[in-house]
Amino acid sequence: RDVVGWRVRRCRGQTVYQEGEAATTFYRVEAGCVRLLLYSNDGRRQIVGFCFPGDLFGFALDVRDCTAEASTDLELIAYSSAAFVRSTKGQPDPLMQVAQRCLGHYRAFAQHVLCIRSLPAAERIAACLDAFSQRLVAGAAPCPLPLSQIELSDFLGLSPETTSREVRKLCEAGRLARAGRKLLLLPAGRSGASNPASAEARPIS
């Protein structure tokens, strides 16, 4: 039978759950962006992934292995892990499917780490933004990047100054656009001939 979820909202910067908590629920992103983080003993953070609309995250059989925070204002659907496990009636396939969808963020991060070790800053940022574009951009309209340049810097292991410089170059080359303080991901093959400031952003929902 279907497991009934309930709606959860978080404002930007609020915690969804913390590393080490009992994993009693898992989530589906309806709108917004979630950042997944690990904190070192001295308080430093490492962003290990992002979840976008349609993504599942947070499923575990014991405790949380990372912290989840709202990168933007969030709308989530929460599901009871215990109710979901009961609904499978001992069948392993549904459990494996949900676990694989949630763990996919970590597999993506592992590939990302291998990628950035050998790339200079400009190519590192371009490769990351291309990956985000494949997940977020649909149709011919630009799509706002649902994370800040500071988050992008943390994720890529770059200084904010380096990220700002390389993002500016990508905007000048027509691979990114701006609408106010927002960065816009452009559809593949779109040139930078239009005025970035006047581009209309497609809301992520």
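Consider only pairs whose beta carbons are under 7 Å apart and that are at least six residues apart or on different chains; among these, list those whose first residue lies in region 136-151 and is in the same structural domain as L185 (by TED's automatic domain parsing) and whose second residue is surrounded by 18 or more Cβ atoms within 10 Å (Cβ to Cβ) and hydroxyl-bearing (S, T, Y).
Hits for this filter: P146/S71; P146/T72; L147/S71; Q149/T163; E151/S71.
E75 fails exactly one of the following numbered conditions: (1) within 23 Å of V167 (Cβ to Cβ); (2) charged (D, E, K, R); (3) at pLDDT 80 or above. What is the number of that condition?
Just one mismatch for E75, condition (1).
Looking only at residues that are farther than 21 Å from P53 by Cα and either β-branched (V, I, T) or not assigned by TED's automatic domain parsing to the domain that holds Y27 (or both) in region 86-113, which one is modelled with the highest pLDDT?
Looking at the filtered set, the residue picked out is T88.
Name the single residue that is surrounded by the fewest Cβ atoms within 10 Å (Cβ to Cβ) among those in region 157-178 being touching a helix residue (DSSP H, G or I) at 6+ places or on another chain (Cβ under 8 Å) and assigned to a loop (DSSP other than H, G, I, E, B).
Among residues in region 157-178 that are touching a helix residue (DSSP H, G or I) at 6+ places or on another chain (Cβ under 8 Å) and assigned to a loop (DSSP other than H, G, I, E, B), the one surrounded by the fewest Cβ atoms within 10 Å (Cβ to Cβ) is S159.
Would you point out the residue of region 11-28, among those that are hydroxyl-bearing (S, T, Y) and over 9 Å from A68 (Cα atoms), that is surrounded by the fewest Cβ atoms within 10 Å (Cβ to Cβ)?
To start, the set of residues in region 11-28 that are hydroxyl-bearing (S, T, Y) comprises 15, 17, 24-25, 27.
Keeping just the survivors that are over 9 Å from A68 (Cα atoms) gives 24-25, 27.
Details: T24: 13, T25: 21, Y27: 23.
Among those that are hydroxyl-bearing (S, T, Y) and over 9 Å from A68 (Cα atoms), it is T24.
Could you tell me whether G43 is assigned to a loop (DSSP other than H, G, I, E, B), without any contact (Cβ under 8 Å) to a residue 60 or more places away in the chain, under 30 Å from L129 (Cβ atoms) and within 14 Å of the chain's Cα centre (by Cα)?
Criteria not met by G43.
Tell me the residue from D73, D130 that is among the acidic types (D, E) and outside the structural domain of L186 (by TED's automatic domain parsing), please.
Of the residues listed, the single one that is among the acidic types (D, E) and outside the structural domain of L186 (by TED's automatic domain parsing) is D73.
The values are calculated or read from the model by the stated rules, or taken from the named source; none is laboratory data. What you see is a predicted model; the values in this text were computed from it and never measured. Glycine also receives a Cβ, built like all others from the backbone with ideal geometry; neighbour counts cover every protein chain displayed.
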